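Participant: The structure follows.
Every number in this text was worked out from the coordinates using simple rules, so none of it is lab data. Because the structure is a prediction, the values reported are computed rather than measured. As a convention, Cβ positions derive from the backbone with ideal geometry for all residues, glycine included, and neighbour counts pool all protein chains shown.
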Amino acid sequence: MGNIVYYTTTILVLSVFVFIYLEKKFPYRKGLKLFREGFWVDLIWYTFVQSYFLQIIIFNWVLYPLRQHYLPNYNFVTDWPIVAQVLFFLVTHDLYIYWFHRWQHHSKILWKTHEAHHSNKEVDWLAGTRSHSVEILINQTIEYAPIILLGANPMVVPIKALIDAVWGMYIHSNINIKSGKLQYFINGPEMHQWHHADQREVFYSNYGTKFAIWDWMFGTAYLPDKKPLRFGLYYKFPRDYFLQHLYMFKKVDEDKLLENKAFKTYYELRPRIFKYFGLMKDDKGAVQEQEVLSEASPQLAEELK
């Protein structure tokens, strides 16, 4: 088990450098910087800190105790080849994600768990990591519960986690890919970049993650012969990790909070540290917001109140 985790981690790290290179070599949108707005929030808070603690909660506090103490041991897939097990859980989970994702965009309550994921104004290989912890707790518990409870080989968990991570980087990546008819079956940046666009026509489209076939089968595919004009939410959304989480329960005005000296000191600490070490050219990004509203924003805002 230790060896497979070592291999999957190595592949994941190498994949990051591959995506960074491809984004620079074949950009979907030219001029997107590596250290774009929100990069460090996504990398440090969502990728490292949040993922680490949620993994402990989901596996050590929920799934393994359920398997050991409360639920019978079903060995439904135990004798299957590992490849068959991985494919089975990839397809079944992806179908679930399609419908849950679609529900999030139609439900005022569930949208609150998902809006953080759409808050990036610039979408790249790292943008997909930004997801509210409540959303991750729901989806990854449901994702890995069958794997644990149906007696899958322990290697299935790290293998599927690697595929999820790499595919997540791929569909969000700023790479100009034309996959032709393959896009009817396998999802990629062509459709998912549109899903993150701040344009009314795609708010209820392109829900697929790994398999685009669900969108084409159920009538939610959108793939025009053009590129989006803008990305992110049509309304102001906090840039701070903790405020992004609080926003699910209580709408907060980040600009008003910055009038408080204590909060402003905390808020500007990270940009100042990064600036000191040369990782950020200035700290203006901490107190500026790109406010671009789509032409349909008033109507869409009314629907989601």
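Participant: For the pairs LYS226/LYS250; LYS210/LYS256; LYS178/LYS251; LYS25/LYS236; LYS24/LYS210, flag any whose C-alpha to C-alpha distance is greater than 30 Å.
Facilitator: LYS226/LYS250; LYS210/LYS256; LYS178/LYS251; LYS25/LYS236
Participant: Please list the non-local residues whose amide H lies under 5 Å from the amide H of PHE231, H modeled 1.01 Å from N, same-chain partners needing a gap of 5 or more.
Facilitator: ASP198
Participant: Related question: Given the DSSP H assignment, sum -39500 (n - 2.57) over each helix run of at least 4 residues in the chain and divide by its residue total; what's the result at 222 nm in deg cm²/dmol, nearest 500?
Facilitator: -14000 deg cm²/dmol
Participant: Which cross-chain or sequence-distant (5 or more) residues have an amide H under 5 Å from the amide H of PHE211, H modelled 1.01 Å from N in plane?
Facilitator: ASN187
Participant: Using each residue's phi in the stretch 121-132, evaluate 6.51 cos²θ - 1.76 cosθ + 1.60 at θ = phi - 60° and report the 3J(HN,Hα) Karplus result to the nearest Hz, with x for Gly and Pro.
Facilitator: 7, 10, 10, 8, 4, 8, 4, x, 6, 6, 9, 4
Participant: Between GLU259 and TRP103, what FRET efficiency comes out of the Förster formula 1/(1 + (r/R0)^6) with R0 = 51 Å and r the beta carbon distance, rounded to 0.05?
Facilitator: My answer for the efficiency is 0.85.
Participant: Separate question: Using the Cα centre of the chain as the reference point, and only Cβ charges (+1 on K/R, -1 on D/E), how large is the resulting charge dipole? Debye, rounded to the nearest 20.
Facilitator: With only Lys, Arg, Asp and Glu charged at Cβ, the dipole is about 500 debye.
Participant: Oh, and also: Once each part is reduced to its C-alpha centroid, what is the distance from the stretch 225-276 to the stretch 168-187 in angstrom?
Facilitator: Rounded to whole Å, the Cα centres lie 30 Å apart.
Participant: In addition: Anything in the chain that counts as a DSSP H helix reaching 30 Å or more along its axis (C-alpha) with Kyte-Doolittle mean of at least -1.0? List them, would you?
Facilitator: Values: long enough: 2-25 (35 Å, 1.05); 82-106 (36 Å, 0.41).
Helices meeting the criterion: 2-25, 82-106.
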